[in-house]
Structure formats: C-alpha cells, structure tokens
Amino acid sequence: MRIACPFCGERENGEFTYLGDAKPQRPAMVALEVAGGAAGEAEAFYDYVYLRDNVAGEMDEYWYHGGGCRSWLRLTRNTATHEITSVEAAPGTGASSSPASTAGTIS
Amino acid sequence: MTGSLSLTSAEARFAAGAKAPVAPSGSTQSNRLDTGGLIDRAAPLNFTFDGKAMTGFAGDTLASALVANGVRLVGRSFKYHRPRGILTAGSEEPNALVELRSGARREPNTKATTAELYQGLEALSQNRWPSLRYDVMSVNQLLSPIFVAGFYYKTFMWPAKFWEMIYEPAIRRAAGLGRSSGLADPDHYDKAWAHCDVLVVGSGPTGVSAALAAGRAGARVILAEEDSRAGGRLLSDGGEIGGMSSREWLANALAELSSLSNVRVMTRTAVFGVYDGGTYGALERVNDHVATPPEHEVRQRLWRIVAKRCVVAAGAIERPIVFSGNDRPGVMMASAVRTYIERFAALPGKRVALFTNNSDGWRTVEAALRAGVEISAVIDSRPGIPEELRAMAEVSGFRVFNGVVHDVRGGASGISRISVAQAKGTTVEIAADTLAMSGGWNPSVGLASHHRGRPTWRDDIAAFVPGECPPGMVVAGAANGDFSLGACLRAGHAAGIAAAAESGRTQKAGSPAAASDEALSITPLWHVEGKHKAFVDFQHDVTASDIALAQREGFESVEHLKRYTTLGMATDQGRNSNVTGLAIMAEVSGRTIPQTGTTIYRPPQVPVAIGALAGHHRDENFHSTRLTPSHRWAAERGATFVDTGLWKRAQWYPLPGEKDWLTSVDREVLTVRNGVGFCDVSTLGKIDVMGPDAGAFLDRVYINAFSSLGVGKARYGLMLREDGIVMDDGTTSRLAEDHYFLTTTTAKAGPVMQYLEYCRQVLWPELDVQLTSCTDQWAQFSIAGPKTRDLLREIVEPSEDLSNEGFPFMAVREVKLRGGVVARLFRISFSGEMAFEISVPARFGDALARNLMIAGKQFGVIPYGTEALGVMRIEKGHVAGPELNGTTTAGDLGLGKMASKKKDFVGRVLAAREGLVDPNRQVVVGLKPVDKARRLRSGAHTIPKGARPSPETDQGYVTSVCHSPMLGQWIGLGLVERGRERYGEIVRAHDPLRGEDYDVEICNPVFYDPEGGRQRG
C-alpha cells in the first residue's frame, strides 16, 4: 500500500503507523472546578475509547508518518480494497470543542 | 503458445530439417541434436545427477541436459512413490524436483526445468530410498486403497495421542520431499525498490510487443522475464513475424529495447505478487545460475516494483489430459517436447506419439519431424480433425487416430506402448517411447487474480481468463486467452500504448508486427476412463477417482475439494492441475465448470525463499543496533552488554577475578552506596517541549501539574492512557519559561513521542507547542553515591556551586565544565543516593566517561551497569517496566496521590471507573523470602498460606527481583491484592514453572533508606 503524504509525497506503508478509526472525537478538556468533571463524562469516554464501527468499505483513519515527517494524517481508505481516496494533515479533527456531556459519542 | 502453424510450407521444412541425433565423442548426450537450439556447443559443462557424471552445454537447464542425456526417471511421487519423469519445461514443473548443490547450499525442491546448468552442478533426486530406481516406499502403491483422499483424517484418528507420537513422525519420514541443509545459508540476499511507468510481466511476443510500444511512447518500462532468456514461447514455437523468422524478429526487438534508455529488461526475474497501490513483488535470481555467487554479489534479490501501470503478458500453461498411466516417465506436455527440441536441441524420445484435443498440439509434430524424430502416431480426440492436419500426416507418413489414449505401459525407465481407444470402437496398440499430450491451454490468471478478482470461463477456448484485474493492470495475449501469434503481437502493442498513455507518455509507437492468426480449435477432453490410476495433480498424487470420492463424501465445494484431496497444494500450486480438477468435479457433480468455481489465487505465484524475503535482515542485522555514547569505552573495559530494545547497554563491568555476575553487581552497588559510580542513561527517551503553551500541554498529558513547575526545577511525572492505565513515567525539567525537557522510559521513547505528536496535532492544535526528539543528541550519565559532589567538583568550573543550598534536590541548570563544554546538570536520583544526572552533547559522551574515570580515581569511582541500576531501584521501591506493565493504575503503583485535582488530564475520567479504584486491586508491595538464604524469583504467584494453589486463591505475583547487598538477601517487588494493608503478613510464593513453593513476607516496597535522607543530603 502506498500513501501520498501531503508533505513528503507518495511513500510506502512501512513508513507509517496505523492508529485506527478517525471518527470518534475526544471530549474536550474541562475545568475541574465544575465539581470534579462534567456530567455523563464516563459514558462519553467509554464510547470514545472503546466503541468502534467495524467498517467494510470507506473509513476515515489516522496514520502516523513516523518514518518521514512525523505528521498525523487523516486518510479515507476502503477497508475492503485498500483504495485510498483522500489524505490530509489531521490537525484538530480528533477532539471535540464540547465537553463530554455533549460530544464523543459515535453516531 | 504462439507461432505460426502455416502448413503450406510444412512439407518443404520437414524435408529440409531431418537431423539425426548424434552423441559427440566424449559426451554422454545420446539425445542431443548436432545442430540447432539456443545452446553453446563450444561451452560444454560437466554435472552429476545422483552421483552419475554427465555433460551438457551452456544454455541448458538441468532438465534439458537430463533430456539430452537420455535420463527419463527423475523422481518419485509424494504419496505413492511412483516413478516420474520430466513433465514440463517451465516453472510449473511438478515432477522434476531435485536437491541442488551440496553442503550448506543444498536446496531442496528445486525445479530441474528452471535450474540453469553450470559447471560442476550437483543434483540429487528426491523422495526415494535407497535409490531412485529401487524405492522401498513404492510399496505404498499396493496399499493405495487406504491412501485415498482424506486418508489422514480417516486412518490416523485413534487413539488421539498416537497422532503426535507415532503417526505424524512416521508420515513425515515417509512423505517428505527434499531435505534442507540444516545449516545457515552462506549466501547474501538483497532487497531493492524500482519505480516505473509500465511494468511488463513476461517477454513472449505479447510482452516484447508491449514493452516496445510503451518504450517508444516514452514510458519508463521494466520488462520482467523469469527465464534466463527473453522470448517466451518464441524460443520454442518457431513461426514467422513480419516476414522474418520469429527468432530474428525477437533479436531485433530486444536490440531495440536495449537501445532505449527508458527501458530496462530484467531476466531471471519472476513477478510473484501484486500488492496494493501498484506495488509488485519480484524475485531476481541473480546468481542461481552459477555454483557460488562471486564475491560481494548476492544470490537473489527481492524487488518491490512500483508501477503506474502493469501489462501482464505471462502467457499460458498447457494442461495435461487425465488418463491411465498419464504420469509415467515419457509422458510429457506437448509444448515441453517442442521446447526441448527447438530451444535445447534435446530429444525427449525417438518415437514420439501425440495425444491432443486441439490443433496447437500438432505443432509438436512439426517440430519433431523437423528434428528427424519418428512420429509413431497422433491421437486426436476431436470428432473433426482439420483436413490440413490429416494432409500433413499423409505427407509425413504417420498414422492419425480419432480417439483417446486409455492406457500406457512401461516401467520406471519410460513408456513403451500406448493403448488407443478409437472413436469407432476398436482398440489399437502403438509402440512409442514418448507421449506428448495437450489438453489445451490455461491462461496464467494468477497475478490478475491476486486482488481476489475471479477468473471467468470462456467456452471457445475451454479455459478461464482473468476477470476483474487489480487497479492499473491489464492482461494481454495468451494470458488473456488470445492464443494466436498475430493476436498476441497486436494485443501487446495496444496494451503497451494504452499503459504508456495512462502514465502520460504519448510519443508515436508505430504499428504492431504482423503474424498469422491460427486457431486453437479445441474440443474439451478432460478425463479418459481407464483401469489404472489417472493423475490430476502429479506431485500430490491426486487421481481422478480421488476427486470423485471427494464428491461422493460431500466435499463438493472447490475449497473443500482442495483441502480434502490436497489438489493444487503442491509446489506447483495447481498450475498444472487445478482447472482439470475443477472440470472433473463439474463432471461428477453434474454442474458446469463456471458453476463449480475456482479457488482464490494468492501470492506468491512462484516459490520465494525466506532468505530472499529476509534480505540482509538476519543475525546481527536482523534489526538496527543503537549504541550508547560510551559504548566503545565500555567495550574497552570489558563490559557485558544486554539488549534493551534496539540498544546495547552495559549490564555490568566485571573485574578480573570476579567469579560471577552477582559478585560484580554486588560490588557495583556497594561502591555506589558507599562511594561514587556512574552509569550511562542516554537510552532514556528525551523530548524537547517548547512554546508558550508547553506547560499547558504537559498539564494535559501528565496526571500531575507541570505549568506550575519553576524554571530550573525537575519533577517526576506520570502519564496515563485514555483508559486510565499507566502509560509511562519519567522526569521532566523546565529549562526556560517556554522550554521543558521531557524524558521517557527507554522502551517507550518511540511510542510516547508518537502519542505526544498525536495529542499536539490531532487533539489540541490550538496549543502553541512544538516537540522535538533529542534522544540521540544528548549523552546522559547518572552519577550517584555520597562522593558524587567530590567527583563533580573535579570536572566543573570551580565557580559552579554544587552545595545543597546552591543546587538543591530536583534542581536543574546548565554548568560549565572545565575545558568549556556546557553541560546540563539535573539533581535527580533513581538509586536513592545523593546523585546528579549530567548531560552533554552526544559527541562528548565518550570523553566525559573517560574523564569521570580519571577525575574520580581518587574517590574510587566505578562505572555501573543496568543490573546495579536495577538493584538500587528495587531497594528503593521505584517502579519500572515490570510494574508499568499495561495493567496497573497510578493507584496500584502507590502514585495515586500525584493526580492533580485542579486540572484535567488524559485518563482522568476512565481511571475513576469502579474496577480501577477497587480496594481489592493488586498493588505494588515489597516481598522478601522468610528464609533469608532463599532466592526469590519473578513470576512466582502469591497464595495465602494454607490455600490450595488455584486461580481462585491466586492473589498476585512477583514482578521484579534482585539480590540486595544492602539487606544481604534476595528481595523483590510484586503486585498483591490489598497489599498495602498486609505488611508483615507471610504468604506463599508458588512457582509451578520452576517447581518451587516458599514463604515470603509482604513489606513496604522501600527497602533501603525509607526516609529518603540520602538523596537529599
């Protein structure tokens, strides 16, 4: 498999490390003065950490270009064919701007 | 199979071509023609087969040389040990497998048909004992009623334990193919990358035509050919192209290809697999054709070829017909007979018969007649044999029978008679020493199907052609079911132009060369009923009746058929047998062939040696090795090294006269605790965290606060995973308002860097912070012991204040060393002693180690290794890798109070889960044997006294142990249920692995200096 890193160009997949599903978003950091955390945060984090769709088809994923520019990339890859339809730098896609009570669940 | 079947000029050529085989004087080559062939008669080569001396010529394969020497019996089959001869002339050969070379280079299961002959070649036949001719195990043939499909499952079922003890070893002894040398491979293997616009697989008429077109169009082309010589069937099939002989056309085409700087022709290179993103695996047999590779050269090279487009012109493989005795030596594929005659000038026999179901097989008759071989008969199963073929027979004076071969007779040295059942009902006996058979051609659909595209059936050629191909690939020529020479040339040309255009190369490519379009005219015939065994898979001895049996027993699906009968699972991977097996299954199950389906094709298409896949990554080069800055110096001192990940670290520094490692380690610990010692700790991961938000960033990833850390201070930090389990720990210092220096454990240096980058880039890009790994940039030494300051004062500028007031515990700052180097000094301690860590740019690490020894001589300084480091941290109850084992929480480690309640951090939420705060959890405690002389072992489980050892009574286990010279006994750390409430309790250390069971006391994990006064002094 070859991944077209937006910074380094097309490289073979041995340079990259796979993380997984890019859909779940980490609930936002909270100020702890709010009585030790936000309401419902345990459930939101449970979803964020453990629940994953088992996608056969197009899936958004995080890959790390550790053998190159050290960028985290967000790919759209077909898990059945390995076809990659989009690669972009990942900044800011992994965390919700909202606290746990309203974010982090997988639709 | 390409080339012209022009019969108009046949007569003249047959008359002109009569050449009787003559054995040159001093030669053993009784079946060699005195002219013709692509061999160099001026370069004779000596070789041995089963110890017998023979000769051949440069240009021969081992198989062609054996044919030239009149050798017919070359091996024994896998199950029945039946005598077998050479069947094919290519990489699909199932029978002629030999052990090639001797000693450490002995290689089993080498195909004689692809092994190029070289001076001194040694080959042994396989799977026979005591000799090829008299094989004891051929008695299996008499037992064949029990060796039917699935016989392993049926016969060796009971009693169960007999399988491992008796059946399996016996079967392995009886059935094994060749023997591996059992010695390390003395040769080198290489791995390389290549990139091109167009990869062309196969150099027959289609491939050469495609490469020419793409090359002329300006594409960067790689033409890969598994054979030693480019040309494919053009080397064997004769014919005319563009008004010249096909060999002349080939020579011109190859000359043009080599004149094009954008075209690379790679012979001896087999493309074996299609991977994602246009990546192809190929194996180049760089030096398999010589006895030993020349110095500094590799034996084989594994290529990964990245191609924008790929034209598969891999040709087709002729398939056998299944009839009684079709495996006898002397029965050979018709195309192989032609190859041996035309390409190698070697005659497989002197009286050749042909059994065919198509017109292409008749070209073998043409070739044989040209070589002056007697044709004893042609048996053509088709109801309407074309008139022009009958006319050829008449002119040349051989008989033609419309019918089938239903039996052959002859011993181990080859066939002698053939029984023909004529369509009109009568039976005829024919004398012949060679039977060429042609059951039609199977396009090589393997590569095209590597992405799970299923081949599709074509009735007109009675064969599968590629279905949906991997992206960027087209299949052309015989591999796509176009069997005529003209069609191959046109298809190759068109594919070459299209592939070049799709990769942006559109210069003029001319027009394709012209040749005739002869028809295959096949009428399928798969299987002839007969009295004796009729083989489908030659190497695995799968017969037509095995397939019928599998069907009767319910193994009708092709995947079941394959596994139940082992059809197609031999080294040829079914290239000779799969389609025929399917056809027979279709017949017996009353379905069509497409309904029956095909199995899945997977790489590799040809066998690839593990050595080639490993390349240089073996032995000490299996992975890269990282050396500490003081490595050379430590090696000079005779240090014992230990592998920690990729690093080599000094484990201890034995002195002359020390009888074992424990003596050395005890001495190192005692010297540090009473004097001073130093240890290279450069392997810890080091990361510079810089930017205005560096503190805020660290607050989020550590459970404790770092934004509140003063400049010039260090703090121990703990990171959790998002699920609340401890990820890593380390000391992080604040060097400036916006500059932190973070350290990780040695093992987690890479993963923590990757994780922090994830946090920075993916989670919180709004934080203004940058990360830089600087593990390799700094040489860092821990200097520990009560005389540490005395030693340091000898190496730093006298103006530097190292007093407790001027440089308190957990302080950090730059200091100037004598001589001008600026170092960073950290007052931190892992050993529990008064200690500093000093770091200098890595290039000064070696000099620093040497200078510490010189400056410290007066204080009795010693270097200490990772063992002493470990002893001292266990004595102090400091947790490390065995405790940070991916199951423990901060609370388990006794570090729960570090968690900040004023700020959020990764892992906070899930660390509060019920199960992770359960008071019954196993927590870190100290453990020491009640019998002080007893050695404690890690891995032992803690069981309450009096309880029976079981998972229910298991309360924890020993994680780290050492011999403590300070306590004079073995001590350890462990994880024990409610351990902190149980100090003083005696439990059992139960160690079934080592057969030990002894009493240990649970205690405070800080064994030594629990008040911590020493490190603050």
The residue that is nearest to B:Ala63 (Cα to Cα), considering only those in region B:279-312 that are over 19 Å from the mean Cα position of the chain (by Cα) and open to solvent by less than 20 Å² (accessible area, probe 1.4 Å), is B:Asn287
Identity of the residue in region B:245-270, in contact with a helix residue (DSSP H, G or I) (Cβ under 8 Å, 6 or more places away or on another chain) and of a type in the set (A, V, I, L, M), that ends up nearest to B:Pro512 (Cα to Cα): B:Ala253
Restricting attention to region A:1-56, and to residues there that are more than 9 Å from every other protein chain (Cβ to nearest Cβ) and at positive phi, which single residue is most open to solvent (accessible area, probe 1.4 Å)? A:Ala35
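Take region B:871-890 and flag every residue that is small (Gly, Ala, Ser) and either crowded, with 21+ Cβ neighbours inside 10 Å or touching a Gly at 6+ places or on another chain (Cβ under 8 Å) (or both).
Just the residues of region B:871-890 that are small (Gly, Ala, Ser), to begin with: B:877, B:880-881, B:886, B:890.
Passing the criteria: B:Gly877, B:Ala880, B:Ala890.
Looking at B:Arg632, B:Arg649, B:Arg591, which one is within 30 Å of B:Ala314 (Cα to Cα) and basic (Lys, Arg)? Give the derivation first.
Details: B:Arg632 fails: within 30 Å of B:Ala314 (Cα to Cα); B:Arg649 fails: within 30 Å of B:Ala314 (Cα to Cα).
So the residue among B:Arg632, B:Arg649, B:Arg591 that is within 30 Å of B:Ala314 (Cα to Cα) and basic (Lys, Arg) is B:Arg591.
Restricting to strands (runs of 3 or more DSSP E) lying wholly in region B:422-519: which have 3 or more residues that are surrounded by 24 or more Cβ atoms within 10 Å (Cβ to Cβ) and over 37 Å from the mean Cα position of the chain (by Cα)?
Numbers: elements: B:427-431, B:434-438, B:441-443, B:456-458, B:463-465, B:473-475.
Where strands (runs of 3 or more DSSP E) fall fully within region B:422-519 and carry at least 3 residues being surrounded by 24 or more Cβ atoms within 10 Å (Cβ to Cβ) and over 37 Å from the mean Cα position of the chain (by Cα), they are B:434-438.
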Could you list, in sequence order, all residues of region B:379-416 that are buried (at least 20 other Cβ atoms within 10 Å of the Cβ) and within 16 Å of B:Pro348 (Cβ to Cβ)? B:Val408, B:Gly410, B:Gly414, B:Ile415
Filter region B:750-791 down to the residues that are of a type in the set (Phe, Trp, Tyr) and in a helix (DSSP H, G or I), then identify the one that is surrounded by the most Cβ atoms within 10 Å (Cβ to Cβ). B:Tyr755
Tell me, yes or no, whether region B:1003-1017 has at least one residue that is touching a Phe, Trp or Tyr at 6+ places or on another chain (Cβ under 6 Å), over 22 Å from B:Asn885 (Cβ atoms) and either outside the structural domain of B:Ile783 (by TED's automatic domain parsing) or in contact (Cβ under 8 Å) with a residue 40 or more places away in the chain (or both). yes
B:Gly806 out of contact with any Phe, Trp or Tyr (no Cβ under 7 Å at 6 or more places or on another chain), within 14 Å of chain A (Cβ to nearest Cβ), open to solvent by 20 Å² or more (accessible area, probe 1.4 Å) and small (Gly, Ala, Ser): no
Considering every residue within region B:620-627, establish whether at least one is outside any helix (DSSP H, G or I), among the aliphatic types (A, V, I, L, M) and at pLDDT below 95. no
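Given the condition away from every other protein chain (no Cβ under 14 Å) and modelled with pLDDT of 95 or more, answer yes or no: does some residue in region B:905-914 qualify?
Going through region B:905-914, the residues away from every other protein chain (no Cβ under 14 Å) turn out to be none.
No: zero hits.
Give the residues of region A:79-99 that are over 22 Å from A:Val49 (Cβ atoms), of a type outside the set (Val, Ile, Thr), outside any strand (DSSP E or B) and facing chain B (nearest Cβ under 9 Å), sorted by residue number.
First, the residues of region A:79-99 that are over 22 Å from A:Val49 (Cβ atoms): A:80-89.
Keeping just the survivors that are of a type outside the set (Val, Ile, Thr) gives A:80, A:82-83, A:86, A:88-89.
Next cut, outside any strand (DSSP E or B) only: A:80, A:82-83.
Within region A:79-99, A:His82, A:Glu83 qualify.
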Counting just the residues of region B:869-920 that are in a loop (DSSP other than H, G, I, E, B) and free of Cβ contacts under 8 Å to residues at least 12 places away in the same chain, which one comes out nearest to B:Tyr702 (Cα to Cα)? B:Lys901
Does any residue in region B:963-990 that is free of Cβ contacts under 8 Å to residues at least 40 places away in the same chain come within less than 6 Å, Cβ to Cβ, of a residue that is in a strand (DSSP E or B) six or more places away or on a different chain, and which pairs are these? B:Glu985/B:Ile1002
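Tally the residues that are within 10 Å of chain A (Cβ to nearest Cβ) and in contact (Cβ under 8 Å) with a residue 12 or more places away in the chain, restricting the search to region B:753-780.
Selection size over region B:753-780: 9.
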I need a count of the residues in region B:822-868 that are outside any loop (DSSP other than H, G, I, E, B) and hydroxyl-bearing (Ser, Thr, Tyr). 2
From the residues in region B:246-302 that are of a type in the set (A, V, I, L, M, F, W, C), touching a residue at least 12 places away in the same chain (Cβ under 8 Å) and in a helix (DSSP H, G or I), which one is farthest from the other protein chains (Cβ to nearest Cβ)? B:Trp249
Test B:Val405 against the stated conditions and say whether it is in a strand (DSSP E or B), β-branched (Val, Ile, Thr) and more than 24 Å from B:Thr339 (Cα to Cα). no
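Kindly establish whether B:Ala544 is of a type outside the set (Val, Ile, Thr), crowded, with 21+ Cβ neighbours inside 10 Å, in contact with a Gly (Cβ under 7 Å, 6 or more places away or on another chain) and within 28 Å of B:Ser335 (Cβ to Cβ). Break it down stepwise before answering.
Working: of a type outside the set (Val, Ile, Thr): yes; crowded, with 21+ Cβ neighbours inside 10 Å: yes; in contact with a Gly (Cβ under 7 Å, 6 or more places away or on another chain): no; within 28 Å of B:Ser335 (Cβ to Cβ): yes.
So B:Ala544 does not fit the description; no.
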Which is closer than 30 Å to B:Trp526 by Cβ and under 37 Å from the mean Cα position of the chain (by Cα), of B:Thr644, B:Thr625, B:Thr640, B:Thr598? B:Thr598
Taking the condition of being on the phi < 0 side of the Ramachandran plot and open to solvent by less than 40 Å² (accessible area, probe 1.4 Å), how many residues in region B:614-641 meet it? 8
Filter pass, A:Met59 being facing chain B (nearest Cβ under 10 Å) and either in contact (Cβ under 8 Å) with a residue 60 or more places away in the chain or at negative phi (or both): no
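Could you check region A:1-35 and list, in sequence order, the residues that are of a type in the set (S, T, N, Q) and under 29 Å from B:His450 (Cα atoms)?
Here is the first cut: in region A:1-35, the ones of a type in the set (S, T, N, Q) are A:13, A:17, A:25.
Those that are of a type in the set (S, T, N, Q) and under 29 Å from B:His450 (Cα atoms): A:Asn13, A:Thr17.
Could you say which residue among B:Gly581, B:Gly574, B:Gly611, B:Gly568 is buried (at least 21 other Cβ atoms within 10 Å of the Cβ) and part of a helix (DSSP H, G or I)?
Details: B:Gly574 fails: part of a helix (DSSP H, G or I); B:Gly611 fails: buried (at least 21 other Cβ atoms within 10 Å of the Cβ); B:Gly568 fails: part of a helix (DSSP H, G or I).
After ruling out the rest, the residue left standing is B:Gly581.
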If you check B:Lys52 against the conditions, is it outside the structural domain of B:Gln539 (by TED's automatic domain parsing) and out of contact with any Leu (no Cβ under 8 Å at 6 or more places or on another chain)? yes
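The values are calculated or read from the model by the stated rules, or taken from the named source; none is laboratory data. What you see is a predicted model; the values in this text were computed from it and never measured. FYI the Cβ positions are ideal-geometry reconstructions off the backbone, even for glycines, and counts take in every protein chain you see. Each accessible area value is taken on the protein alone, full model and side chains, heavy atoms only, with ligands, DNA and RNA left out. Shrake-Rupley method; radii C 1.70, N 1.55, O 1.52, S 1.80 Å.
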